[in-house]
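The structure that follows is given in the form of structure tokens.
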Amino acid sequence: MPNKARATLETLYRIFTVPEAPDSTLGSIDHAITDDVAGFLRNHIVAVERPLEEIEASFSSCAIPEEPTYVSDYTEFVKENLVAQSVHTAAPGFVGHMTSALPYFMLPLARLMTALNQNLVKVETSKAFTPMERQVLAMLHHLIYRCPDDFYPPWMHNSQAALGAFCSGGTIANITALWVARNRLFAPEGEFRGIAQEGLARSLRHRGIDGIAVLVSERGHYSLGKAADLLGIGRDHLIRVPINEQNRIDLQALRNECRRLQDRNIRPLALVGIAGTTETGNVDPLGAMADLAAELGCHFHVDAAWGGPTLFSDRHRHLLAGIERADSVTIDAHKQLYVPMGAGMVVFKDPTAVSAIEHHAAYILRHGSKDLGSHTLEGSRPGKALLVHAGLSIIGRKGYELLIDLGIERARTFADLIDRHPDFELTSRPELNILTYRYCPAAVQQRLAEADPDERDRINGLLDQVCQLLQKYQREAGKTFVSRTRLRISRYGGEITVLRSVLANPLTTDEILASVLEEQCEIVRQPEIHALLEQIG
Ligand SMILES: *Cc1c(COP(=O)(O)O)cnc(C)c1O
């Protein structure tokens, strides 16, 4: 072997066996995040934003490095170009998105998970992780459906069943739920071998219908559009039903849409109720939707990706009443279960429902095996369920209850602050822990109340620009962060741009919330925004 090749081989051998010295860059990062991860993030993420184009320059070469290199050289690069320019999602002033701080134990357990490198697709590469994941799904099933204790033993570790499917997030969970619903609607029957074998066109012909549809409110998450696309339903047949003043699905409109579909010989495949809309955190009337789904004989899915953990709270769980009647429920673990990114679940009321999407392969997923991969959309999957199991075991029901209660209380406090401030307008009152608002000075609020529709639209157009710049400048300053979206607000007869705040970080204080508004009042004095406000007149 030539010397050069031998050197490469030796480097590779080292990479697989010898850990970094504690005084190397990686070693010191490792030490720092083990010691005090909050301090590490605070000290190493640079708050002030650089233009993305500038950052892209560090990631512009398409050449794969030819030779192995020293780990510490690479880690220097990571520290400077990646860590420094990442987003401090754990900061208590970061109240704009659904990503927040993590309990400290998640980090060492995530490292343990990586070290073990289990693959949950099959028992042969995961052993105890398979029953552990099945237990996690049962715990969530119990949280939602509250079946008696003796319901679970026959199903939990049963090779013929699964109480749900663990996956990488809410999107895959929603797709899986509708996949099951679709395959159950077109189940094998007589000569017909089912949609999984024969495809959609033959399935529609078999049933004598011209299409299938999914109905959800205007506030439905965009993942449902992907599901409609992938499952052959078609995005045109994802029916977005109007909402009422409380951002909840309008039941009369829902009934009307169902009737219209039936007139066109299109069959409702599923109604989707939302427990915690992504933009405003509202909950649909789940009980009434369950009634309608039963009447139509269609699948009832609840997208509780965000709001599901509200069920931990004795005080607030009533908001989700009716969820226990859903055929399937999505819950994201990387949101309000405080698990690192990449963990979601869909739970099925009927533990045999997943047989509709069962698939087998000769070398794994054999018939009768307990392999979780036989009814998941994803193939190889990490042992993320460990982190959910850890959260549920360590934080416990009462711990999560406190987190939920605190978040809802803080959202109400923030809403009060906004209400009392003359220059802000609350655009959606928090039902859970999400609210929207905008900067709208008292005098302008007065003008809007008296304006005719044309004048109203002109003013709102200018306020939209104010809102957009305000949110951008605040993000760039890097002290605090809220997100923005566009919502149709009925009193304005159209869509307006609003700021959105998600209150899920237990370290966010009332003082921080007050400082978010103070900073916004400062920012609007900047010339560019001031000029827009002047134009309102
Ligand atoms: C976040 C969210 C999703 C999508 O989940 P991902 O984990 O981002 O894939 C779906 N529905 C709702 C209501 C959500 O809040």
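The values are calculated or read from the model by the stated rules, or taken from the named source; none is laboratory data. The model shown is predicted, which means the values in this text are computed figures rather than measured ones. Because the Cβ atoms are built from the backbone with ideal geometry, glycine has one as well, and the counts that use them run over all protein chains shown. All accessible areas refer to the heavy atoms of the entire protein, side chains included, with ligands and DNA or RNA removed. Shrake-Rupley method; radii C 1.70, N 1.55, O 1.52, S 1.80 Å.
Restricting the first residue to region 103-115 and requiring it to be closer than 20 Å to Ala90 by Cβ, which pairs with a second residue that is open to solvent by 70 Å² or more (accessible area, probe 1.4 Å) meet a Cβ separation below 8 Å and a spacing of at least six or different chains?
Listed by first residue and then by second, the contacts come to Pro103/Ile394; Phe105/Ile394; Leu107/Thr34; Pro108/Thr34.
Does Ala47 satisfy being assigned to a loop (DSSP other than H, G, I, E, B) and loosely packed, with under 10 Cβ neighbours inside 10 Å?
Answer is no for this residue.
How many residues, within region 72-91, are among the basic types (Lys, Arg) and over 30 Å from Thr508 (Cβ atoms)?
0
Every residue, every condition in (1) within 12 Å of the ligand (Cβ to nearest atom); (2) open to solvent by 10 Å² or more (accessible area, probe 1.4 Å); (3) in contact (Cβ under 8 Å) with a residue 12 or more places away in the chain, yes or no:
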site	(1), (2), (3)
Arg325	no, yes, yes
Val339	yes, no, yes
Gly342	yes, yes, yes
Lys349	no, yes, yes
Thr352	no, yes, yes
His359	no, yes, yes
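Among Met98, Met1, which is the only one that is farther than 26 Å from Ala115 by Cα, in contact with an Asp or Glu (Cβ under 9 Å, 6 or more places away or on another chain) and in a loop (DSSP other than H, G, I, E, B)?
After ruling out the rest, the residue left standing is Met98.
Restricting attention to region 136-172, which residues are under 14 Å from Val346 (Cβ atoms), out of contact with any Phe, Trp or Tyr (no Cβ under 9 Å at 6 or more places or on another chain) and of a type in the set (Ser, Thr, Tyr)?
Ser168
Go through Leu254, Leu231 for me and flag whichever is among the hydrophobic types (A, V, I, L, M, F, W, C) and touching a Phe, Trp or Tyr at 6+ places or on another chain (Cβ under 9 Å).
Leu231
Among (1) part of a loop (DSSP other than H, G, I, E, B); (2) open to solvent by 30 Å² or more (accessible area, probe 1.4 Å); (3) over 21 Å from Trp155 (Cβ atoms), which single condition is His367 missing?
(3)
For region 204-316, please list each of the helices (runs of 4 or more DSSP H) lying entirely inside it that holds at least 1 residues being within 13 Å of the ligand (Cβ to nearest atom).
223-230
Examine region 98-112 for a residue that is open to solvent by less than 50 Å² (accessible area, probe 1.4 Å) and touching a strand residue (DSSP E or B) at 6+ places or on another chain (Cβ under 8 Å), and state whether such a residue exists.
Yes; the residues of region 98-112 include at least one that is open to solvent by less than 50 Å² (accessible area, probe 1.4 Å) and touching a strand residue (DSSP E or B) at 6+ places or on another chain (Cβ under 8 Å).
With touching a strand residue (DSSP E or B) at 6+ places or on another chain (Cβ under 9 Å) and more than 30 Å from Asn247 (Cβ to Cβ) as the only criterion, which of Thr376, Thr436 stands out? Give the steps one after another, and end with the answer.
Numbers: Thr436 fails: more than 30 Å from Asn247 (Cβ to Cβ).
Only one candidate qualifies: Thr376.
Please tell me if Arg184 is more than 16 Å from the ligand (Cβ to nearest atom), among the charged types (D, E, K, R) and open to solvent by 30 Å² or more (accessible area, probe 1.4 Å). Write out each step before concluding.
Working: more than 16 Å from the ligand (Cβ to nearest atom): yes; among the charged types (D, E, K, R): yes; open to solvent by 30 Å² or more (accessible area, probe 1.4 Å): yes.
The answer is yes for Arg184.
Filter region 234-260 for residues that are among the aliphatic types (A, V, I, L, M) and out of contact with any Gly (no Cβ under 8 Å at 6 or more places or on another chain) and give the result.
Ile239, Val241, Ile243, Leu251, Ala253, Leu254
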